[in-house]
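*Asks:* One structure is given below, represented as structure tokens, and several questions about it will come after.
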Amino acid sequence: MPRRSFRIGRSITGLGLFAIRPIKKREKIAEYKGPRVNAEEAGRLERRGNRYLYEINKQITIDGTPRSNVARYANHSCNPNAETYTYGGRVFIRALRKIKPDEEITYDYGNDYLKWVIGRSRCQCRRCRRRRARKQREARALKKRRAKRLARMRRRR
Ligand SMILES: [Zn+2]
């Protein structure tokens, strides 16, 4: 693979991958590397709290724990700009759309991960944070309107 198109940097949930130059749509970004383990071993690792397991199929899972596996720093997003794909038994991350420099590179870890590991209400991706902020703003605005209405009613009495 040619020179890296990203750097590892601070993100809201720890470390993340950030583009260091424009990345073209469908451009390969990184390979998700690590030893291949069978389902039994994957289950064991999972119970021990390994969060870097990438299941290729029912038989083969990649243990992406090694720090040399830079792809493991790509965070989850519900509105991602990248995706994973399997080619010749290897797993890669590629851009879903054009990615601008300094943009965080994210992919969708899938429903199971979101539901069971992250927890839907605790997802820290940009979309979920924005949605929660909007809901809070709406709740505050509603409270304000109610308080005003109440004050008006009191004045009339
Ligand atoms: Zn999310």
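*Asks:* Out of all the residues in the stretch 42-79, which are out of contact with any strand residue (DSSP E or B) (no Cβ under 6 Å at 6 or more places or on another chain), small (Gly, Ala, Ser) and part of a loop (DSSP other than H, G, I, E, B)?
*Replies:* If the condition is that a residue be out of contact with any strand residue (DSSP E or B) (no Cβ under 6 Å at 6 or more places or on another chain), small (Gly, Ala, Ser) and part of a loop (DSSP other than H, G, I, E, B), then 49, 68 are the ones that fit.
*Asks:* Can you pull out every residue in the stretch 1-27 that is touching a Lys or Arg at 6+ places or on another chain (Cβ under 7 Å) and in a loop (DSSP other than H, G, I, E, B)?
*Replies:* Listed by number, the residues that qualify are 1, 5, 20, 22, 24, 25, 26, 27.
*Asks:* Got a number for residues in the stretch 1-35 being more than 18 Å from the chain's Cα centre (by Cα), within 18 Å of residue 59 (Cβ to Cβ) and surrounded by 14 or more Cβ atoms within 10 Å (Cβ to Cβ)?
*Replies:* Residues that pass the stated criteria total 1.
*Asks:* While we're here: What pairs can you find where one residue is in the stretch 32-54 and among the β-branched types (Val, Ile, Thr), the other is outside any strand (DSSP E or B), and their Cβ atoms are less than 7 Å apart, with a gap of 6+ or different chains?
*Replies:* So the pair list comes out as 37/45.
*Asks:* Let me ask another. Take the stretch 28-41 and flag every residue that is among the aliphatic types (A, V, I, L, M) and either part of a loop (DSSP other than H, G, I, E, B) or under 20 Å from residue 70 (Cα atoms) (or both).
*Replies:* Result: 29, 30, 37.
Just so you know, all these numbers are worked out from the coordinates, no wet-lab data involved. This one's a predicted model, so the numbers in the text were calculated from it and none came from an experiment. Every residue, glycine as well, gets a Cβ built from its backbone with ideal geometry; the counts of neighbours run over all protein chains shown.
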